[in-house]
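The values are calculated or read from the model by the stated rules, or taken from the named source; none is laboratory data. Being a predicted model, the structure only gives us computed values, none of them experimental. Every residue, glycine among them, receives a Cβ derived from its backbone with ideal geometry; neighbour counts consider all protein chains shown. Please note that ligands, DNA and RNA were not included when accessible areas were found on the heavy atoms of the full protein model with its side chains. Shrake-Rupley method; radii C 1.70, N 1.55, O 1.52, S 1.80 Å.
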Amino acid sequence: MLSVAKVQKRNAWRYYTRRVAFGDGRRPVGQSLKDAQEMAGLPPGRWLGRGLAALGLTGGAEVSERQLELLFGQGRHPDADRIERGLLDDGADQATARLTTVLGQPIEEIEARKQTPLLALDFTFRPQASLIVLWALGDARTRRIIERAHERATAKALRWLEDEVAETRWSSGRERAKTPALVVAAFRHFDNRDNFPLLHDHCLILYRVQRLDDGEPVWGALDTRRRYRHVVAAGTLYTLAMTTEVCEELGLATVPRDVTPGLRPVMEIAGVDSGLIDWSSTRRQRIEDALEGLTYEYAQKHGRRPACCPTAPSRSPRPCATTTRTAAPDPNSPALRLPKRSAPTSGGRGSSARTAATTPAGRSPLSSWRSASGRDTA
(Lines give C-alpha, C1' and ligand atoms only; values in the text may rest on other atoms or scores of the structure.)
Protein backbone atom coordinates (compact mmCIF):
# COMPACT_ATOMS: atom_id res chain seq x y z
CA MET A 1 0.00 0.00 0.00
CA LEU A 2 1.22 3.50 -0.78
CA SER A 3 0.47 6.99 0.49
CA VAL A 4 2.00 10.28 -0.70
CA ALA A 5 2.64 13.60 1.07
CA LYS A 6 4.31 16.81 -0.08
CA VAL A 7 7.45 18.21 1.58
CA GLN A 8 7.22 21.96 1.03
CA LYS A 9 8.43 24.06 3.93
CA ARG A 10 12.14 24.85 4.02
CA ASN A 11 12.41 23.62 7.60
CA ALA A 12 10.50 20.39 6.88
CA TRP A 13 13.76 18.47 6.87
CA ARG A 14 13.87 19.06 10.65
CA TYR A 15 10.67 17.08 10.98
CA TYR A 16 12.21 14.24 9.02
CA THR A 17 15.42 14.21 11.07
CA ARG A 18 13.77 14.72 14.45
CA ARG A 19 10.74 12.50 13.89
CA VAL A 20 10.52 10.51 10.66
CA ALA A 21 14.20 9.57 10.45
CA PHE A 22 13.93 8.74 14.14
CA GLY A 23 10.94 6.43 13.84
CA ASP A 24 8.03 8.85 14.43
CA GLY A 25 9.35 9.71 17.88
CA ARG A 26 10.67 13.04 19.12
CA ARG A 27 14.46 13.18 19.10
CA PRO A 28 16.01 15.09 22.02
CA VAL A 29 17.52 18.43 21.02
CA GLY A 30 21.29 18.21 20.72
CA GLN A 31 21.39 14.45 20.12
CA SER A 32 22.90 13.39 16.80
CA LEU A 33 20.69 11.59 14.31
CA LYS A 34 22.92 8.52 14.27
CA ASP A 35 22.97 8.22 18.07
CA ALA A 36 19.20 8.67 18.24
CA GLN A 37 18.58 5.96 15.63
CA GLU A 38 20.91 3.57 17.42
CA MET A 39 19.13 4.24 20.71
CA ALA A 40 15.76 3.57 19.07
CA GLY A 41 16.97 0.38 17.39
CA LEU A 42 16.34 1.83 13.93
CA PRO A 43 18.56 1.41 10.88
CA PRO A 44 19.98 4.63 9.41
CA GLY A 45 18.38 6.13 6.35
CA ARG A 46 19.82 4.95 3.05
CA TRP A 47 20.18 6.47 -0.41
CA LEU A 48 18.29 4.93 -3.35
CA GLY A 49 17.73 5.78 -7.01
CA ARG A 50 19.70 6.13 -10.23
CA GLY A 51 20.09 9.87 -9.76
CA LEU A 52 22.64 9.44 -6.97
CA ALA A 53 25.61 9.26 -9.35
CA ALA A 54 25.05 12.87 -10.45
CA LEU A 55 25.49 13.94 -6.81
CA GLY A 56 28.44 11.71 -6.00
CA LEU A 57 26.30 9.52 -3.73
CA THR A 58 26.24 5.73 -3.55
CA GLY A 59 23.14 3.55 -3.43
CA GLY A 60 22.64 2.00 0.00
CA ALA A 61 24.96 4.52 1.68
CA GLU A 62 23.88 6.11 4.96
CA VAL A 63 21.93 9.38 4.88
CA SER A 64 23.51 12.03 7.10
CA GLU A 65 21.65 14.84 8.82
CA ARG A 66 23.63 17.51 6.99
CA GLN A 67 22.87 15.90 3.61
CA LEU A 68 19.16 15.99 4.42
CA GLU A 69 19.36 19.66 5.37
CA LEU A 70 21.20 20.64 2.20
CA LEU A 71 19.10 18.59 -0.25
CA PHE A 72 15.62 18.68 1.27
CA GLY A 73 15.93 21.95 3.17
CA GLN A 74 17.94 24.19 0.87
CA GLY A 75 17.74 22.51 -2.56
CA ARG A 76 21.53 22.32 -2.75
CA HIS A 77 24.13 19.67 -3.46
CA PRO A 78 24.53 17.25 -0.52
CA ASP A 79 28.28 17.99 -0.53
CA ALA A 80 27.73 21.75 -0.85
CA ASP A 81 29.94 22.63 2.12
CA ARG A 82 33.05 21.11 0.52
CA ILE A 83 32.25 22.48 -2.95
CA GLU A 84 31.68 25.97 -1.57
CA ARG A 85 34.91 25.95 0.43
CA GLY A 86 36.86 24.91 -2.66
CA LEU A 87 35.37 27.73 -4.74
CA LEU A 88 36.07 30.29 -2.01
CA ASP A 89 39.67 29.10 -1.81
CA ASP A 90 39.93 29.63 -5.57
CA GLY A 91 38.84 33.24 -5.19
CA ALA A 92 35.11 33.07 -5.91
CA ASP A 93 32.84 35.40 -3.96
CA GLN A 94 30.39 34.01 -1.39
CA ALA A 95 27.23 34.50 -3.49
CA THR A 96 28.72 32.84 -6.57
CA ALA A 97 30.10 29.94 -4.57
CA ARG A 98 26.73 29.29 -2.94
CA LEU A 99 24.78 29.60 -6.20
CA THR A 100 27.03 26.99 -7.79
CA THR A 101 25.80 24.40 -5.29
CA VAL A 102 22.09 25.07 -5.95
CA LEU A 103 20.19 22.38 -7.86
CA GLY A 104 17.87 24.08 -10.31
CA GLN A 105 15.98 27.24 -9.44
CA PRO A 106 16.99 28.72 -6.07
CA ILE A 107 14.35 28.39 -3.37
CA GLU A 108 14.74 32.09 -2.59
CA GLU A 109 13.52 33.02 -6.08
CA ILE A 110 10.40 30.86 -5.67
CA GLU A 111 9.64 32.41 -2.29
CA ALA A 112 10.18 35.91 -3.71
CA ARG A 113 7.18 35.23 -5.99
CA LYS A 114 5.10 34.47 -2.87
CA GLN A 115 5.04 30.79 -3.77
CA THR A 116 5.75 27.81 -1.56
CA PRO A 117 8.58 25.69 -2.97
CA LEU A 118 8.09 21.96 -3.32
CA LEU A 119 11.20 20.16 -2.04
CA ALA A 120 10.26 16.48 -2.14
CA LEU A 121 7.48 13.90 -2.16
CA ASP A 122 7.19 11.45 0.73
CA PHE A 123 6.18 8.07 -0.71
CA THR A 124 5.33 5.76 2.22
CA PHE A 125 5.18 2.04 1.44
CA ARG A 126 3.57 -0.43 3.87
CA PRO A 127 2.16 -3.95 3.65
CA GLN A 128 -1.55 -4.67 3.96
CA ALA A 129 -2.98 -5.36 7.42
CA SER A 130 -2.77 -9.18 7.39
CA LEU A 131 0.94 -9.06 6.53
CA ILE A 132 1.50 -6.58 9.36
CA VAL A 133 -0.14 -9.08 11.72
CA LEU A 134 2.07 -11.92 10.49
CA TRP A 135 5.16 -9.74 10.75
CA ALA A 136 4.32 -8.56 14.27
CA LEU A 137 3.37 -11.95 15.73
CA GLY A 138 5.35 -14.33 13.56
CA ASP A 139 8.65 -16.05 14.30
CA ALA A 140 12.06 -14.76 13.26
CA ARG A 141 12.00 -16.49 9.86
CA THR A 142 8.56 -15.11 9.03
CA ARG A 143 9.63 -11.57 9.91
CA ARG A 144 12.82 -11.83 7.87
CA ILE A 145 10.89 -13.02 4.81
CA ILE A 146 8.31 -10.24 5.13
CA GLU A 147 10.95 -7.55 5.64
CA ARG A 148 12.97 -8.79 2.67
CA ALA A 149 9.87 -8.89 0.48
CA HIS A 150 8.92 -5.39 1.62
CA GLU A 151 12.36 -4.07 0.72
CA ARG A 152 12.37 -5.72 -2.71
CA ALA A 153 8.83 -4.59 -3.50
CA THR A 154 9.68 -1.00 -2.55
CA ALA A 155 12.75 -1.07 -4.78
CA LYS A 156 10.70 -2.54 -7.64
CA ALA A 157 8.05 0.20 -7.36
CA LEU A 158 10.72 2.93 -7.29
CA ARG A 159 12.43 1.45 -10.38
CA TRP A 160 9.09 1.40 -12.20
CA LEU A 161 8.53 5.05 -11.31
CA GLU A 162 11.97 5.85 -12.72
CA ASP A 163 11.52 3.80 -15.89
CA GLU A 164 7.92 4.61 -16.78
CA VAL A 165 6.74 7.70 -14.94
CA ALA A 166 9.52 10.16 -14.08
CA GLU A 167 9.59 13.26 -16.28
CA THR A 168 10.98 16.76 -15.88
CA ARG A 169 9.31 19.92 -17.09
CA TRP A 170 10.54 23.43 -17.86
CA SER A 171 9.39 26.56 -19.69
CA SER A 172 6.27 26.69 -17.50
CA GLY A 173 5.50 23.06 -18.32
CA ARG A 174 5.59 23.52 -22.10
CA GLU A 175 8.74 21.39 -22.42
CA ARG A 176 9.08 17.88 -21.01
CA ALA A 177 11.59 15.06 -21.08
CA LYS A 178 12.01 11.60 -19.55
CA THR A 179 14.31 11.52 -16.51
CA PRO A 180 14.79 7.90 -15.42
CA ALA A 181 17.02 8.85 -12.47
CA LEU A 182 15.56 9.79 -9.07
CA VAL A 183 17.24 10.73 -5.80
CA VAL A 184 15.58 9.01 -2.83
CA ALA A 185 16.28 9.01 0.91
CA ALA A 186 14.56 6.01 2.53
CA PHE A 187 13.84 5.50 6.25
CA ARG A 188 12.63 2.21 7.76
CA HIS A 189 10.07 2.25 10.62
CA PHE A 190 8.60 -0.55 12.72
CA ASP A 191 5.91 1.19 14.81
CA ASN A 192 3.24 3.82 14.32
CA ARG A 193 2.48 6.79 16.57
CA ASP A 194 0.43 4.59 18.91
CA ASN A 195 3.34 2.17 19.38
CA PHE A 196 1.45 -0.44 17.37
CA PRO A 197 3.43 -2.61 14.93
CA LEU A 198 3.59 -1.10 11.46
CA LEU A 199 6.40 -2.00 9.10
CA HIS A 200 6.79 0.85 6.59
CA ASP A 201 9.35 2.89 4.66
CA HIS A 202 9.32 6.66 4.14
CA CYS A 203 10.91 7.33 0.73
CA LEU A 204 11.68 11.03 0.23
CA ILE A 205 11.86 11.61 -3.53
CA LEU A 206 13.78 14.77 -4.36
CA TYR A 207 11.80 17.27 -6.44
CA ARG A 208 14.91 18.04 -8.48
CA VAL A 209 15.96 15.83 -11.39
CA GLN A 210 18.64 16.14 -14.03
CA ARG A 211 18.29 16.37 -17.82
CA LEU A 212 20.58 17.17 -20.74
CA ASP A 213 20.43 20.60 -22.38
CA ASP A 214 22.64 20.75 -25.49
CA GLY A 215 24.67 17.92 -24.03
CA GLU A 216 25.14 19.63 -20.68
CA PRO A 217 23.44 18.30 -17.51
CA VAL A 218 21.06 20.78 -15.87
CA TRP A 219 18.77 20.40 -12.86
CA GLY A 220 15.05 20.99 -13.20
CA ALA A 221 11.69 20.23 -11.62
CA LEU A 222 10.06 16.82 -11.40
CA ASP A 223 6.61 16.61 -13.00
CA THR A 224 4.58 15.84 -9.89
CA ARG A 225 1.17 15.82 -11.58
CA ARG A 226 2.24 12.91 -13.75
CA ARG A 227 3.60 11.18 -10.66
CA TYR A 228 0.35 11.62 -8.76
CA ARG A 229 -1.59 10.09 -11.65
CA HIS A 230 0.43 6.89 -11.23
CA VAL A 231 0.38 6.57 -7.43
CA VAL A 232 -2.32 3.89 -7.46
CA ALA A 233 -0.42 1.84 -10.05
CA ALA A 234 2.82 2.12 -8.06
CA GLY A 235 1.05 1.05 -4.88
CA THR A 236 -0.57 -1.89 -6.65
CA LEU A 237 2.78 -2.99 -8.06
CA TYR A 238 4.34 -2.83 -4.58
CA THR A 239 1.50 -4.81 -2.98
CA LEU A 240 1.45 -7.45 -5.71
CA ALA A 241 5.23 -7.95 -5.64
CA MET A 242 5.38 -8.20 -1.86
CA THR A 243 2.36 -10.46 -1.46
CA THR A 244 3.54 -12.80 -4.20
CA GLU A 245 6.99 -13.23 -2.66
CA VAL A 246 5.66 -13.79 0.87
CA CYS A 247 3.08 -16.33 -0.30
CA GLU A 248 5.67 -18.24 -2.33
CA GLU A 249 8.20 -18.28 0.52
CA LEU A 250 5.75 -19.23 3.28
CA GLY A 251 3.32 -21.38 1.29
CA LEU A 252 0.36 -19.06 1.90
CA ALA A 253 -2.62 -17.89 -0.16
CA THR A 254 -4.66 -14.70 -0.42
CA VAL A 255 -8.36 -13.89 -0.15
CA PRO A 256 -10.21 -10.65 -1.06
CA ARG A 257 -11.41 -8.39 1.78
CA ASP A 258 -13.86 -5.57 1.19
CA VAL A 259 -12.57 -2.47 2.92
CA THR A 260 -14.41 0.43 1.27
CA PRO A 261 -17.80 0.02 -0.45
CA GLY A 262 -17.55 0.65 -4.15
CA LEU A 263 -13.79 0.15 -4.34
CA ARG A 264 -11.75 -2.88 -5.25
CA PRO A 265 -11.17 -5.35 -2.39
CA VAL A 266 -7.80 -5.65 -0.68
CA MET A 267 -6.04 -8.99 -1.05
CA GLU A 268 -5.22 -10.25 2.44
CA ILE A 269 -3.43 -13.39 3.62
CA ALA A 270 -5.86 -16.30 4.02
CA GLY A 271 -6.21 -17.58 7.58
CA VAL A 272 -5.48 -14.33 9.39
CA ASP A 273 -8.35 -13.62 11.75
CA SER A 274 -10.45 -10.60 10.78
CA GLY A 275 -10.31 -9.40 14.38
CA LEU A 276 -6.54 -9.11 14.15
CA ILE A 277 -6.83 -7.25 10.86
CA ASP A 278 -9.29 -4.81 12.42
CA TRP A 279 -7.00 -4.41 15.43
CA SER A 280 -4.11 -3.47 13.18
CA SER A 281 -6.26 -0.86 11.40
CA THR A 282 -7.26 1.30 14.37
CA ARG A 283 -5.98 4.46 12.67
CA ARG A 284 -8.23 3.87 9.68
CA GLN A 285 -11.24 3.33 11.95
CA ARG A 286 -10.66 6.64 13.72
CA ILE A 287 -10.52 8.42 10.36
CA GLU A 288 -13.76 6.72 9.23
CA ASP A 289 -15.51 7.78 12.44
CA ALA A 290 -14.29 11.36 12.00
CA LEU A 291 -15.40 11.35 8.34
CA GLU A 292 -18.88 10.28 9.33
CA GLY A 293 -19.10 13.15 11.81
CA LEU A 294 -17.83 15.73 9.32
CA THR A 295 -20.20 14.46 6.64
CA TYR A 296 -23.16 14.82 9.00
CA GLU A 297 -22.14 18.36 9.98
CA TYR A 298 -21.73 19.34 6.31
CA ALA A 299 -25.14 17.90 5.40
CA GLN A 300 -26.81 19.76 8.28
CA LYS A 301 -25.24 23.04 7.19
CA HIS A 302 -25.61 22.80 3.39
CA GLY A 303 -28.54 20.43 2.97
CA ARG A 304 -26.55 17.92 0.94
CA ARG A 305 -23.65 15.51 1.29
CA PRO A 306 -20.17 16.78 0.40
CA ALA A 307 -18.89 16.13 -3.12
CA CYS A 308 -15.53 14.76 -1.93
CA CYS A 309 -16.42 11.09 -2.27
CA PRO A 310 -18.66 10.75 0.82
CA THR A 311 -18.63 6.95 0.71
CA ALA A 312 -14.87 6.42 0.40
CA PRO A 313 -12.82 7.04 3.57
CA SER A 314 -9.66 6.44 1.58
CA ARG A 315 -10.38 9.82 -0.09
CA SER A 316 -11.54 11.55 3.09
CA PRO A 317 -10.90 15.27 3.57
CA ARG A 318 -7.68 16.26 5.24
CA PRO A 319 -9.34 17.34 8.53
CA CYS A 320 -10.28 13.70 9.23
CA ALA A 321 -6.64 12.64 9.22
CA THR A 322 -5.50 15.76 11.04
CA THR A 323 -8.00 15.69 13.89
CA THR A 324 -7.52 11.98 14.60
CA ARG A 325 -3.73 12.03 14.49
CA THR A 326 -2.18 11.39 17.87
CA ALA A 327 0.90 13.17 19.12
CA ALA A 328 4.19 11.48 18.30
CA PRO A 329 5.42 9.41 21.27
CA ASP A 330 8.57 10.17 23.13
CA PRO A 331 11.15 7.43 22.64
CA ASN A 332 10.94 5.24 25.73
CA SER A 333 12.28 1.96 24.46
CA PRO A 334 15.82 1.08 23.41
CA ALA A 335 14.47 -1.33 20.79
CA LEU A 336 11.63 -0.59 18.41
CA ARG A 337 12.67 -3.52 16.29
CA LEU A 338 11.40 -6.94 17.22
CA PRO A 339 14.03 -9.20 18.83
CA LYS A 340 14.60 -12.58 17.31
CA ARG A 341 12.55 -15.48 18.59
CA SER A 342 13.16 -19.15 18.01
CA ALA A 343 11.34 -20.63 15.04
CA PRO A 344 9.00 -23.63 15.48
CA THR A 345 10.59 -26.99 14.89
CA SER A 346 7.52 -28.70 13.48
CA GLY A 347 4.33 -28.01 11.61
CA GLY A 348 5.51 -27.89 8.02
CA ARG A 349 6.02 -25.11 5.52
CA GLY A 350 4.01 -22.00 6.32
CA SER A 351 2.79 -23.29 9.69
CA SER A 352 4.67 -20.66 11.68
CA ALA A 353 2.99 -17.87 9.75
CA ARG A 354 -0.45 -19.42 10.17
CA THR A 355 0.16 -19.92 13.88
CA ALA A 356 0.99 -16.22 14.13
CA ALA A 357 -2.50 -15.40 12.91
CA THR A 358 -3.90 -16.27 16.34
CA THR A 359 -3.00 -15.21 19.87
CA PRO A 360 -3.06 -17.16 23.14
CA ALA A 361 -6.46 -17.39 24.80
CA GLY A 362 -7.21 -14.53 27.14
CA ARG A 363 -4.47 -12.36 25.71
CA SER A 364 -4.94 -9.38 23.41
CA PRO A 365 -2.91 -8.92 20.20
CA LEU A 366 -1.42 -5.75 21.62
CA SER A 367 -0.15 -7.51 24.72
CA SER A 368 1.45 -10.19 22.55
CA TRP A 369 3.15 -7.50 20.44
CA ARG A 370 4.41 -5.66 23.52
CA SER A 371 5.74 -8.89 25.02
CA ALA A 372 7.46 -9.90 21.78
CA SER A 373 9.06 -6.50 21.27
CA GLY A 374 10.14 -5.96 24.84
CA ARG A 375 7.50 -3.29 25.47
CA ASP A 376 5.73 -4.93 28.42
CA THR A 377 5.98 -2.64 31.40
CA ALA A 378 4.67 -5.06 34.01
Legend entry - Test: Asp139 is over 30 Å from Ala270 (Cα atoms) and either touching a His at 6+ places or on another chain (Cβ under 7 Å) or surrounded by fewer than 21 Cβ atoms within 10 Å (Cβ to Cβ) (or both): no
Inset, instruction - Residue by residue through the range 40-69, note down the ones that are open to solvent by less than 50 Å² (accessible area, probe 1.4 Å) and out of contact with any strand residue (DSSP E or B) (no Cβ under 6 Å at 6 or more places or on another chain). - result: Ala40, Gly41, Leu42, Trp47, Gly51, Leu52, Leu55, Ser64, Gln67, Leu68, Glu69
Inset, instruction - Would you check if Arg82 is at pLDDT 90 or above, under 22 Å from Thr179 (Cβ atoms) and open to solvent by 70 Å² or more (accessible area, probe 1.4 Å)? - result: no
Legend entry - Enumeration of residues in the range 211-231 that are outside any strand (DSSP E or B) and in contact (Cβ under 8 Å) with a residue 24 or more places away in the chain: Asp223, Thr224, Arg226, Arg227, Tyr228, His230, Val231
Legend entry - Residues located in the range 178-199, provided they are assigned to a strand (DSSP E or B), open to solvent by less than 10 Å² (accessible area, probe 1.4 Å) and in contact with a Lys or Arg (Cβ under 7 Å, 6 or more places away or on another chain): Ala186, Phe190, Leu199
Inset, instruction - Give the residue, chosen from Glu167, Glu147, Glu108, that is touching an Asp or Glu at 6+ places or on another chain (Cβ under 9 Å) and not β-branched (Val, Ile, Thr). - result: Glu167
Inset, instruction - Mind listing whichever residues of the range 208-233 are at pLDDT 85 or above, closer than 11 Å to Arg169 by Cα and open to solvent by less than 30 Å² (accessible area, probe 1.4 Å)? - result: Arg208, Val209, Gly220, Ala221, Leu222, Asp223
Inset, instruction - Need at least 2 residues that are in contact with a strand residue (DSSP E or B) (Cβ under 9 Å, 6 or more places away or on another chain) and in contact (Cβ under 8 Å) with a residue 40 or more places away in the chain per element, so show me which helices (runs of 4 or more DSSP H) inside the range 70-172 make the cut, counting only ones lying wholly within it. - result: 129-137, 140-160
Legend entry - Selection within the range 150-177 - of a type in the set (Lys, Arg) and either crowded, with 18+ Cβ neighbours inside 10 Å or over 22 Å from Leu55 (Cβ atoms) (or both): Arg152, Lys156, Arg169, Arg174, Arg176
